[in-house]
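> Below are the structure tokens for one structure; questions will follow.
The values are calculated or read from the model by the stated rules, or taken from the named source; none is laboratory data. In this text, all values refer to a predicted model and were calculated from it rather than measured experimentally. Cβ coordinates were reconstructed from backbone atoms using ideal geometry, including for glycine residues, and neighbour counts include every protein chain displayed.
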Amino acid sequence: MKTNSINTTHALRGLLASLLLLLSMASQAHSALVITAVGIPETGVSTWTFSGSYIVTTGGTVNANTTSSTIGITQWGGVGDYFRSYPLPGSVPDGLYAFNPGGTVQLTGSLSGALSIDSVQVWHGGGNLDGWGFASSSGHAYQAGETLTFSGTAVLPIDIRAFGGDTWLLPNGFTKTISGATATFTSEAVPEPSRALLLLGGLLGMVIRRRRKW
């Protein structure tokens, strides 16, 4: 009887995990731009991973080497209190923050070619007017009707706590549609290695104790 109960529990857990995976995949499938930011709190950095593509409805130009060169199609305003307002712990002042030099994040147009995404511009408008956008140190012109694809990973000098928002805890995220392009952003904290090993040790201990009871 106990074996049947254990098998049922495992089956339910597997079903739940499968449902969560399918929901996650479905959410990302409907998003033109999918970004995941992860990091260990209080280290001052976070790692961003990009994927997704969509057809841009209007053309535009990226101006090089200016703090206002945010790529129009990747500028997401009005996303709510997503960044912690300065000077709350873990927050950052408004400004342009560069990815690490070895970052591989880029925006590739089916007609216009590739553009490296070098940095992220952050601004706090007060209330629910927080926003962010991507910028590049290179000039680029993209055309209406072409497919734009995002890819790559890079490290940003902003602590993951900054993406907990003023009123939200990690993990945090939002989905926003602007000019026909939808972005899904998720931020989550990962435990530092020593803590991860401690948690793993505790989990293994629980498994061993349960096996002994069986």
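> Suppose we filter the range 119-130 for residues that are surrounded by fewer than 22 Cβ atoms within 10 Å (Cβ to Cβ) and within 18 Å of Ile35 (Cα to Cα); how many remain?
Filtering the range 119-130 for residues surrounded by fewer than 22 Cβ atoms within 10 Å (Cβ to Cβ) gives 121, 123-129.
Checking the rest, the ones that are also within 18 Å of Ile35 (Cα to Cα) come to 121.
Final tally of qualifying residues: 1.
> Next up: Any residue that is part of a loop (DSSP other than H, G, I, E, B), more than 12 Å from Tyr82 (Cβ to Cβ) and at pLDDT 55 or above - is there at least one of those in the range 194-213? Spell out the reasoning first.
Step one: filter the range 194-213 for residues part of a loop (DSSP other than H, G, I, E, B), giving none.
Taking every residue of the range 194-213 in turn, none turns out to be part of a loop (DSSP other than H, G, I, E, B), more than 12 Å from Tyr82 (Cβ to Cβ) and at pLDDT 55 or above.
> Out of the residues in the range 139-152 that are under 13 Å from the mean Cα position of the chain (by Cα) and more than 16 Å from Val38 (Cβ to Cβ), state the one that is surrounded by the most Cβ atoms within 10 Å (Cβ to Cβ).
Step by step, filter the range 139-152, then rank; the result is Phe150.
> Looking at Pro101, Pro87, which is the one that is assigned to a loop (DSSP other than H, G, I, E, B), modelled with pLDDT of 90 or more and surrounded by fewer than 18 Cβ atoms within 10 Å (Cβ to Cβ)?
Working: Pro87 fails: modelled with pLDDT of 90 or more.
Among Pro101, Pro87, only Pro101 is assigned to a loop (DSSP other than H, G, I, E, B), modelled with pLDDT of 90 or more and surrounded by fewer than 18 Cβ atoms within 10 Å (Cβ to Cβ).
> Here's something else I'd like to know. If we keep just the residues of the range 153-188 that are assigned to a loop (DSSP other than H, G, I, E, B) and small (Gly, Ala, Ser), which is surrounded by the most Cβ atoms within 10 Å (Cβ to Cβ)? If you could, list the steps in order and put the result at the bottom.
We begin by selecting, within the range 153-188, every residue assigned to a loop (DSSP other than H, G, I, E, B); these are 157-159, 165-171, 179-180.
Filter again for small (Gly, Ala, Ser), leaving 165, 179-180.
Working: Gly165: 21, Ser179: 11, Gly180: 12.
The selected residue is Gly165.
> Identify the residue in the range 105-149 that is part of a strand (DSSP E or B) and among the polar types (S, T, N, Q) and, among all such residues, is nearest to Asp166 (Cα to Cα).
Gln121
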